Amino acid sequence: MPNESTPSGRTGRPRSAAADAAILAATRDALVELGWSKLTMGDVSARAGVAKTTLYRRWAGKNELVVDAVAELFDSLELPDRGCLEADVEDVVLQFAALLRRPEARTALMAVVAESTRDPALRDRIRSAIVDRQKRLVVLGRERAQARGELPREPDEAVAERTTDLIFDVIAGTVVHRALVSSEPVDDLWAASFTALLMHGLRGSAGA
């Protein structure tokens, strides 16, 4: 998130990273306690100890604020380098599942997804602030695997982009369904089985 200007590009006093972090944390706390429908910008400003005008200088409204609060949590996910793609994917799956076990992450994600079914602009913001940013993990993982010789390089950039989208959708969709819809555990055994199935598909498509 930029630290020197507001999202709308207005100049003024530099943004405070500490204030932003406090606001986003307060947003997640308020969402867990109050739910989407009762959450207001006033609740967040009171919890964060900042003026309501400070919020509106940074975010146009509740939708944008909550999406950024969710995005901050997802930005904590990291792709380790454990020597092979399968181990790297397992690690990310377990990180993601651990994140979804946190009440503030689970509540915030489900709230913005539900609300986005009625709000195309909110869907676009979720895509740009969360989905597109987290595809970095897939891109990095494939680059490492290709450098190790685990996966072939794709000369066609459009095909590579579609493959990245598909891998992201499979991983994110499956883990979210398992953890939040089915309410089943995402433990080491499940993560290993899921990753093995994913790798079988990747290797199979690479050899086709």
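The values are calculated or read from the model by the stated rules, or taken from the named source; none is laboratory data. Please read these numbers as outputs of a predicted model, since none were measured by experiment. Counting neighbours? That spans all protein chains shown, and the Cβs are built from the backbone with ideal geometry, glycine included. Quick note on the areas: whole protein, heavy atoms, side chains included, nothing else; ligands and nucleic acids left out. Shrake-Rupley method; radii C 1.70, N 1.55, O 1.52, S 1.80 Å.
Please report, to two decimal places, log10 I(q)/I(0) for the chain at q = 0.08, 0.13, 0.19 Å⁻¹ as given by the Debye formula with identical point scatterers on the Cα atoms and no solvent. So the normalised log intensities work out to -0.33, -0.80, -1.32.
Approximating the spin labels as points 7 Å out from Cα along Cα→Cβ, the LYS52-to-ALA19 distance works out to 1.7 nm. In the chain, the portion of solvent-accessible area held by carbon and sulfur atoms comes to 54 percent [1.4 Å probe, whole percent, DNA, RNA and ligands not counted]. Return, ordered by residue number, the residues of segment 58-84 whose backbone nitrogen is under 17 Å from a label point located 7 Å along Cα→Cβ of ARG133. In segment 58-84, the label zone of ARG133 (backbone N under 17 Å from the point 7 Å along Cα→Cβ) covers 58-79. The mean accessible area for residues of segment 67-190, using a 1.4 Å probe and ignoring ligands and nucleic acids, is 52 Å² per residue. A Cβ-based charge dipole, computed about the Cα centre of the chain with Lys and Arg at +1 and Asp and Glu at -1, lands at about 820 debye. Only lysines eight or more places from LYS135 in sequence, or on another chain, were considered; those with a Cα closer than 26 Å are LYS62. Treating r as the C-beta distance of LEU166 and ARG118 and R0 as 30 Å, the FRET efficiency rounds to 0.65.
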